[in-house]
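To start, the structure under review is shown below, and the notes come after it.
The values are calculated or read from the model by the stated rules, or taken from the named source; none is laboratory data. Quick caveat, the model's predicted, so the values are computed rather than measured. All Cβ positions, glycine included, derive from the backbone under ideal geometry; neighbour counts span all protein chains shown. Only protein heavy atoms, including side chains, enter the accessible area calculation; ligands, DNA and RNA are left aside. Shrake-Rupley method; radii C 1.70, N 1.55, O 1.52, S 1.80 Å.
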Amino acid sequence: MLTAALVLGALLAAAAVWFVARPFLAAHAGGDRLGAPDSGRLALEEQRDRALAALKELEFDHRTGKVSDEDYRSQVGELRRTAAHALRALDVGREESNTDVDDQLPQL
Amino acid sequence: MAALGRAALLLSLGLVAYAVVAGSYAAWCKRRRLALSAQNALVAAFVAAAVATGVLLRALASSDFSFTYVSAFTSRELPLTYKLTALWGGQEGSLLLWLLVLTGYGAAAVLLDRKAGRELVAWVVPVLGVVAAFFSMLVVFVSSPFHTQVAPADGNGLNTSLQSPYMQAHPPLLYLGYVGLTVPFAFAMGALLSGRTDERWIVATRRWTLAAWMFLGIGQLLGAKWAYEEVGWGGYYAWDPVENAALMPWLASTAFLHSVMVQEKKGMLKVWNMLLVMLAFSLSLYGTFLTRSGVLNSIHSFTEGSIGPWFLGFICFVVASSLVLLFKRLPLLRAKTKLESLASREATFLYNNLLLVALCLTILWGVTFPILSEAVRGESVTVGRPYYDFFLRAFGLPLLLLMGIGPLVAWRRASSRSLGKTFLWPFAAAVSGGIGLLAAGAGSSIPGLIAYTFSIFVAATIVLEFARGTQARRTLSGEPVPRAFASLVARNRRRYGGYVVHAAIVMLAIGIAGSSAYDTSHSARLARGQSLTIRDYTLVYRGLTSKRSQNAIEERATIDVYRSGSRIAVMHPGKNDYPIEQQVSNEVAIRSDWLTGEDLFLITEQVNANGTVDFKAIINPLVNLIWLSGFVFLIGSLVALWPDAREERRLAVRYGQLPQEA
């Protein structure tokens, strides 16, 4: 029984070592660098989503009578401006990154 | 096979230690392959813990008394299901279960939440690894379930309180809840360590927190049901420190589930949310410490253990290190927006949070003060029911009211005119309901009357929210009512799932108020043929019988129950004598009236030598709403948990197509 337990334990350990070492054994496309998203862009994406969700919420609350016409009018403009600002900033970012890629193309 | 169990646990310890060291180095130096390898170590640790658990379960099932643990918590006569559930009957098995669930959660979280960003997950792995390493270390060096001995002829048996179907589900559900809170904690710490305090950690952990919170909630309700049927004093919650141990992290995570919405919608309360996640996780560790260290003399803490100092040390380490980290990252967590109005949805969430945390901390103080008093002054002090009842009313009733107010108030700010319009119907329903209840005699308990009135207000709010939402959806899409209702819920699962959970809390509040403020009890010593009367029930004692079951001698009284002159039931309260365990348990008899929600509850308090029996009869009005609320709570939680394909796509776009920093 002890021998069987030791053999099973050894097999388990060997399988674990193989599994842990797998990322080093497999051929990976790309480098070994752990990438991180552009934090500025991420903040803009979150700002845009937040403003759009707030707009949706405001529309819904207005429709269900939770927000009066007066309150709706006073809030909707500001939320639209915030969403538009984030969308514009994201567009600018996209264009800049496209330009960078275009600039680099002739060198490749 | 104990050697295989020990080897598997040792392997698990090695793997999680590797996950800590290699994972930290990989995250620090941004090494992708090493980070993946550390993640794989966490997954492999789960497999190793599962093998160890399998070995112990096999020993339990086959009554292999060469395992000290098996002989300490089972006997040959114990039914198989209880032999298996003895896995969490003792400290060593419970810690092994903690490790299994923790590594399982950890492996699932890092595999499923890779989209949250590899650089964030890279920091989550070592945090999960540290917690898993602590529990691995305990089961390997301090409290191993694989100690062996020369096998005795039979074991000691299982604590009779644990020999209940509820105890087959209650502890594992609580563990799923306690341990599940490790995932949001690990992601929060990962966000702080990586300096990436954007919303990704919240998005990644939303469902894990909800699942852990749901398990904790259902686990506590099953525990209450177990106490009601098995402990046999007529109640379901005694403010026992170990019961409170599960309630505290549930309250903290309830606060977090609300305040996290303010962060998602407004980008506020970032520091507060971090603190709540830390509080919930620390309280889950504290709960395990209370249950398993033997520091408390409770019917729930079945063990006297040596792990107390280890747990205290680890809790101190977790609290201190997470607070230092939070303090260092404070500049990253500053909110860019402010609370615009005190009459807004986010403000009601803030009030709700303050009340939930206040209730949580008063319970924490009630649990901790006797321990501190005994440790510092050597005096044994008991914090009793009046303390907890006072704070439950002081914080719980306003919380109940806020549950009705919150959904009626718009985000950002609400004018008095729109507030008046939305509050009109719920307010009218509550006032007329309250007056009606007063006329019906509910004024005998003022807190009970307030709880009922507030419950009507919340129930009216929920109905109104569903009705107005369905109507708005209908106007927009032209769909018929059932379809508009279904698409309303499907498009806003968290909101409407949350409202269903609110409905469950209303049912719970009504059940608690009814059974605690309007209950009736009567005790009597009866000889054969004698009767006792309680409200409109007459109970006639007919005699006592005794029979032998697999592992107990069961003694049962026969009681004929009459109502308005006609016999409506025969009830059999009694006692079980467990010879191997040398314990006697109260086996109560309960007759539930599902139409009124009321229970007739009979206890055989004592069987006397002269043949008479001391009985206690209790009528618990509306108590069945408490158990029913569990089903509604489960449905609401599942609705909120169910993935929303449109939101998943939106998040995939947000996080999946981002350019990477150099």
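Just name the residue that is farthest from B:LEU11 (Cα to Cα) out of those in segment B:101-117 that are surrounded by fewer than 24 Cβ atoms within 10 Å (Cβ to Cβ) and hydrophobic (A, V, I, L, M, F, W, C).
Taking the candidates together, the pick is B:LEU112.
Condition check ((1) at pLDDT 95 or above; (2) within 12 Å of chain A (Cβ to nearest Cβ); (3) open to solvent by less than 60 Å² (accessible area, probe 1.4 Å)) across all residues:
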| residue | (1), (2), (3) |
| --- | --- |
| B:PHE454 | yes, no, yes |
| B:VAL458 | yes, no, yes |
| B:THR461 | yes, yes, yes |
| B:GLY469 | no, yes, yes |
| B:ARG474 | no, yes, no |
| B:VAL489 | no, no, yes |
| B:GLY498 | yes, no, yes |
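Mind checking which residues of segment B:44-57 are surrounded by fewer than 22 Cβ atoms within 10 Å (Cβ to Cβ), more than 10 Å from every other protein chain (Cβ to nearest Cβ) and of a type in the set (A, V, I, L, M, F, W, C)?
Within segment B:44-57, B:ALA50, B:LEU57 meet the criteria.
Results for (1) at the interface with chain B (Cβ under 7 Å from one of its Cβ atoms); (2) open to solvent by less than 30 Å² (accessible area, probe 1.4 Å); (3) closer than 24 Å to B:ALA26 by Cβ; (4) of a type in the set (Val, Ile, Thr), shown as yes or no for each residue.
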residue	(1), (2), (3), (4)
A:VAL7	no, no, no, yes
A:ALA14	no, no, yes, no
A:ARG22	yes, no, yes, no
A:ALA26	no, no, yes, no
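Pull out all pairs, ordered by first then second residue, where Cβ-Cβ is under 8 Å, the residues are six or more apart or on different chains, the first lies in segment B:409-431 and is within 7 Å of another protein chain (Cβ to nearest Cβ) and within 17 Å of B:LEU449 (Cβ to Cβ), and the second is hydrophobic (A, V, I, L, M, F, W, C) and open to solvent by 30 Å² or more (accessible area, probe 1.4 Å).
From segment B:409-431, no pairs qualify.
Name the residues in segment B:28-43 that are more than 7 Å from chain A (Cβ to nearest Cβ), open to solvent by 30 Å² or more (accessible area, probe 1.4 Å) and either not aromatic (Phe, Trp, Tyr) or not in a helix (DSSP H, G or I) (or both), would you?
Scanning segment B:28-43 gives a single hit, B:CYS29.
Mind checking which residues of segment B:390-404 are open to solvent by 40 Å² or more (accessible area, probe 1.4 Å) and either touching a residue at least 24 places away in the same chain (Cβ under 8 Å) or of a type in the set (Asp, Glu) (or both)?
Answer for segment B:390-404, where residues must be open to solvent by 40 Å² or more (accessible area, probe 1.4 Å) and either touching a residue at least 24 places away in the same chain (Cβ under 8 Å) or of a type in the set (Asp, Glu) (or both): B:PHE391, B:LEU392, B:ARG393, B:PHE395, B:PRO398, B:LEU401.
Any residue at all in segment A:71-80 that is out of contact with any Ser or Thr (no Cβ under 6 Å at 6 or more places or on another chain), assigned to a helix (DSSP H, G or I) and either among the β-branched types (Val, Ile, Thr) or facing chain B (nearest Cβ under 7 Å) (or both)?
Among the residues of segment A:71-80, at least one is out of contact with any Ser or Thr (no Cβ under 6 Å at 6 or more places or on another chain), assigned to a helix (DSSP H, G or I) and either among the β-branched types (Val, Ile, Thr) or facing chain B (nearest Cβ under 7 Å) (or both), which makes the answer yes.
B:ALA375 fails exactly one of the following numbered conditions: (1) within 27 Å of B:VAL262 (Cβ to Cβ); (2) not in a loop (DSSP other than H, G, I, E, B). What is the number of that condition?
(1)
Output the residues belonging to segment B:189-208 that are in contact with a Leu (Cβ under 9 Å, 6 or more places away or on another chain), touching a residue at least 60 places away in the same chain (Cβ under 8 Å) and not in a loop (DSSP other than H, G, I, E, B).
Matches in segment B:189-208: B:MET189, B:GLY190, B:ALA191, B:LEU192, B:LEU193, B:SER194, B:ARG200, B:TRP201, B:VAL203, B:ALA204, B:ARG207, B:TRP208.
If you check B:GLY597 against the conditions, is it small (Gly, Ala, Ser), over 29 Å from the mean Cα position of the chain (by Cα) and surrounded by 16 or more Cβ atoms within 10 Å (Cβ to Cβ)?
When the stated conditions are applied, B:GLY597 does not pass them.
Checking B:LEU539 against (1) touching a Pro at 6+ places or on another chain (Cβ under 6 Å); (2) buried (at least 20 other Cβ atoms within 10 Å of the Cβ): exactly one of these is not met. Which one?
(1)
Yes/no matrix, rows are residues, columns are (1) in a helix (DSSP H, G or I); (2) modelled with pLDDT under 95; (3) in contact with a Ser or Thr (Cβ under 8 Å, 6 or more places away or on another chain):
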site	(1), (2), (3)
B:ALA45	yes, no, yes
B:ALA48	yes, no, yes
B:VAL51	yes, no, no
B:ALA72	yes, yes, no
B:THR81	yes, yes, no
B:GLU92	yes, yes, yes
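Out of the residues in segment B:105-128 that are more than 24 Å from the chain's Cα centre (by Cα) and either more than 21 Å from B:LEU651 (Cβ to Cβ) or among the polar types (S, T, N, Q) (or both), state the one that is farthest from the other protein chains (Cβ to nearest Cβ).
Once the filter is applied, the top-ranked residue is B:PRO126.
Which of the residues spanning segment B:600-624 are over 34 Å from the mean Cα position of the chain (by Cα), surrounded by 15 or more Cβ atoms within 10 Å (Cβ to Cβ) and among the polar types (S, T, N, Q)?
The one that is over 34 Å from the mean Cα position of the chain (by Cα), surrounded by 15 or more Cβ atoms within 10 Å (Cβ to Cβ) and among the polar types (S, T, N, Q): B:THR612.
Listed residues B:LEU350, B:LEU361; which is without any contact (Cβ under 8 Å) to a residue 40 or more places away in the chain, open to solvent by 30 Å² or more (accessible area, probe 1.4 Å) and not in a loop (DSSP other than H, G, I, E, B)?
B:LEU361
Among all residue pairs at least 6 apart or on different chains, which show Cβ distances below 6 Å where the first residue, located in segment A:1-27, is within 18 Å of B:VAL16 (Cβ to Cβ) and the second is open to solvent by 50 Å² or more (accessible area, probe 1.4 Å) and of a type outside the set (Phe, Trp, Tyr)?
Pairs that qualify, where the first residue is within 18 Å of B:VAL16 (Cβ to Cβ) and the partner is open to solvent by 50 Å² or more (accessible area, probe 1.4 Å) and of a type outside the set (Phe, Trp, Tyr), are A:PRO23/B:ARG33.
Could you tell me whether B:ALA132 is in contact with a helix residue (DSSP H, G or I) (Cβ under 8 Å, 6 or more places away or on another chain) and within 17 Å of B:THR74 (Cβ to Cβ)?
No, not satisfied.
Tally time: how many residues in segment A:21-64 are assigned to a loop (DSSP other than H, G, I, E, B) and at negative phi?
Count: 10.
What number of residues within segment B:432-454 are touching a residue at least 12 places away in the same chain (Cβ under 8 Å) and either touching a His at 6+ places or on another chain (Cβ under 7 Å) or polar (S, T, N, Q) (or both)?
Number satisfying all stated conditions: 3.
Are there strands (runs of 3 or more DSSP E) fully within segment B:530-636 with at least 2 residues that are of a type in the set (D, E, K, R)? List them.
Answer list for segment B:530-636: B:537-548, B:553-563, B:574-578, B:589-593, B:598-607, B:613-620.
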